[in-house]
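Novice: Here it is, the structure in full.
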Amino acid sequence: MTCSDWQQARHSGAELLWRCRDNRQFPVLKALDDGSFLSAIYPSDKA
């Protein structure tokens, strides 16, 4: 999936989800009551 595919799907109102490597570290942006958390992934470390 390319960035433009992603944007087109998001603009349609779709919610998107995909899997990442199991050793990926995610910053916790917000802890949720159910024990999960919100995070963000960017295309590069500079983004």
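Values in this text are rule-based calculations from the coordinates and carry no lab data. Fair warning: this is a prediction, and the values are worked out from it, not measured in the lab. Here Cβ is always computed from backbone atoms with ideal geometry, including for glycine, and neighbour counts include all displayed protein chains.
Novice: At most 16 other Cβ atoms within 10 Å and a DSSP loop assignment: could you name the trypsin sites (Lys or Arg not before Pro) in the chain that fit?
Specialist: Passing sites in the chain are R19, R21, R24, K46.
Novice: Also: To the nearest 20 debye, what charge dipole does the chain have about its Cα centre, counting +1 at the Cβ of each Lys and Arg and -1 at the Cβ of each Asp and Glu? Working shown, then result.
Specialist: Numbers: 6 positive and 6 negative charges, 37 e Å.
For this selection, approximately 180 debye.
Novice: Right, another one. Taking a cut-off of 11 Å, what percent of all Cα-Cα pairs in the chain are separated by more than that?
Specialist: Working: 843 of 1081 pairs.
The calculated P(r) of the chain puts 78 percent of pairs beyond 11 Å.
Novice: Right, here's the next one. Please work out how much length the chain gains when fully extended from D34 to R21, using 0.36 nm per residue of separation minus the C-alpha to C-alpha distance, in nm with one decimal. Walk me through the numbers on the way to the answer.
Specialist: Numbers: separation 13, 0.36 × 13 = 4.68 nm, distance 2.28 nm.
Going from the current span to full extension adds 2.4 nm.
Novice: To continue, here is another question. Could you grab the relative contact order for the chain? Cα pairs under 8 Å, six or more apart, rounded to a whole percent. Spell out each step's value before the answer.
Specialist: Working: 20 pairs, mean separation 9.6, N = 47.
20 percent.
Novice: Note the full-extension length gain between H11 and S44 as 0.36 nm times their separation in residues minus their Cα-Cα distance, in nm to one decimal.
Specialist: Separation in residues times 0.36 nm, less the Cα-Cα distance, equals 9.6 nm.
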